[in-house]
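The values are calculated or read from the model by the stated rules, or taken from the named source; none is laboratory data. Every value quoted in this text rests on a predicted model; they were computed, and no experiment measured them. When we count neighbours, we look across all protein chains shown, and the Cβ atoms used for this are built from the backbone with ideal geometry, even at glycine. Accessible surface is based on the protein model in full, side chains and every heavy atom, while ligands, DNA and RNA are left aside. Shrake-Rupley method; radii C 1.70, N 1.55, O 1.52, S 1.80 Å.
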Amino acid sequence: MSIDFQVSPSAHPRSQAERDAILANPGFGTHFTDHMVAIDWTQADGWHDAQVRAYGPLSLSPASAVLHYAQEIFEGLKAFRHADGSIWSFRPEANGARMQHSARRLALPELPVETFVESIRQLVSIDKDWVPSGGEASLYLRPFMIANEDFLGVRAAQRAAYYVIASPAGAYFKGGVKPVSIWLSRDYSRAGKGGTGSAKCGGNYASSLLPQQQAMANGCAQVLFLDSQEGRYIEELGGMNVFLVQRDGSVITPELSGSILEGITRLSVIQLLRDRGVSVTERRIDVQEWIDGMRSGDIVETFACGTAASISPIGVLKGTDFSVGNADAEPGELTMSIRKELTDIQYGRSEDRHGWLTKLA
Ligand SMILES: *Cc1c(COP(=O)(O)O)cnc(C)c1O
């Protein structure tokens, strides 16, 4: 029961020269391709009117539920250009399934996974010249869904829309992978028990922005959040999951607590490590274990992972009254080798033995 997309090419696509200028230095999230996908949903008619059309502003009633009650979810995945010019995405059906999970929590309609994958295929097909080649560049895809019923009563909206936009992305680490510093937030939580932490929704990000500002003010790139009940156990960064490598070579990562977002990079890293015979344990991790382990040498490497940066080594963990690690340390060996293994699969430089890649164009 796949849906048909009506394709209306943009009347004003950027010229090749304009596109080349952008692709020479794309940055992250600032430039957008010529087209977008839009699909409407109403309670009465379900998903309908799927379009590929020119990228441009939405027309939205000021009374739209999303603007008042934050009924919104999103996804993030990438399209990678391989050496032969073909374009692939990494586990897109997992993003589609996660979006359904998020939709259930936010009382939004579930988009069929098949339609999700088809929507990114449609967009990448028409905007394939926007997929950079070389290095660690990619086309970042941002599917999202909003409640756009114009009604101020508080209940799940009966009208919603799904969109996909795309933005060329340069290598996350320009001039080589460097360890980042992480700020331990003790004042704020990202998510609580029974909350929306395991859903990918804008609201989680809105509440992380103030602690993120504090992280930056303290010279850190990202915030580390602890569990909201005891303020003891590591959850995740604002948008990345974390892993710790122990002295004996085994790896630990916070178990999914209900308030952690289950990253597809996290899942893939666990699989790749286990394929190598590395022991990976998902369990509660007291932040004091991390701090003490950094001091004693029981923790030998730490890294964060997510679609945007793939894998980032963590050099320093600091809080109001302590700082452990070394900002100038070399990235860890396991961190870098698992990073290479993952990116080699994504860019088609090594065998995709788990069938994680889907050809888009
Ligand atoms: C998206 C996201 C991640 C990473 O998920 P990936 O699927 O690996 O990109 C981790 N934490 C949060 C809060 C996120 O929103």
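Past 21 Å, Cα to Cα: identify those pairs from Lys128/Lys200; Lys78/Lys174; Lys128/Lys178; Lys200/Lys359, in the order given.
On the way: Lys128/Lys200 27 Å; Lys78/Lys174 18 Å; Lys128/Lys178 30 Å; Lys200/Lys359 25 Å.
Pairs exceeding the cut-off: Lys128/Lys200; Lys128/Lys178; Lys200/Lys359.
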Checklist entry - Where a Cα-Cα gap under 13 Å defines reach, which aspartates and glutamates qualify for Lys318, not counting those fewer than 8 residues away within the same chain? => result Asp292
Checklist entry - In nm, to one decimal, how far is the Asp150 label point from the Leu60 one, both placed 7 Å along Cα→Cβ? => result 1.4
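Calculate what fraction, in whole %, of the accessible area of the chain sits on carbon and sulfur atoms when a 1.4 Å probe is rolled over the protein chains.
That share works out to 49 percent.
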Checklist entry - Summing Lys, Arg as +1 and Asp, Glu as -1, what charge do residues with Cβ under 11 Å from the Cβ of Glu149 carry, Glu149 excluded? => result +1
Item to check | Amide H partners (placed H, <5 Å) of Glu301, local residues excluded | outcome: Val245
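From the convex hull of the Cα coordinates of the chain, what is the mean projected area in square nanometres?
Values: hull surface 74.7 nm².
Averaged projected hull area, Cα only: 18.7 nm².
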Checklist entry - How many nm is it between the label spots at Gln43 and Ser15, if each spot is 7 Å from the Cα in line with the beta carbon? => result 5.1
Item to check | Förster-model FRET efficiency, 25 Å R0, Ala327 and Ser133, C-beta, rounded to 0.05 | outcome: 0.15
Checklist entry - Ignoring ligands and nucleic acids, what accessible area does His82 show with a 1.4 Å probe (Å², nearest 10)? => result 30
Checklist outcome for this item: If the chain between Ser2 and Gln214 were fully extended at 0.36 nm per residue, the gain over the current Cα-Cα distance would be 71.7 nm
Checklist entry - At what distance in angstrom do the alpha carbon centres of segment 304-339 and segment 199-234 lie from each other? => result 17
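At 1.4 Å probe radius, can you tell me the per residue accessible area of the chain in Å²?
Details: 15830 Å² over 361 residues.
Accessible area per residue: 44 Å².
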Checklist outcome for this item: Of all C-alpha pairs within segment 229-293, those more than 15 angstrom apart amount in percent to 51
Item to check | Distant-in-sequence amide H partners of Leu224 (H built 1.01 Å from N, under 5 Å) | outcome: Trp183, Leu184, Ser185
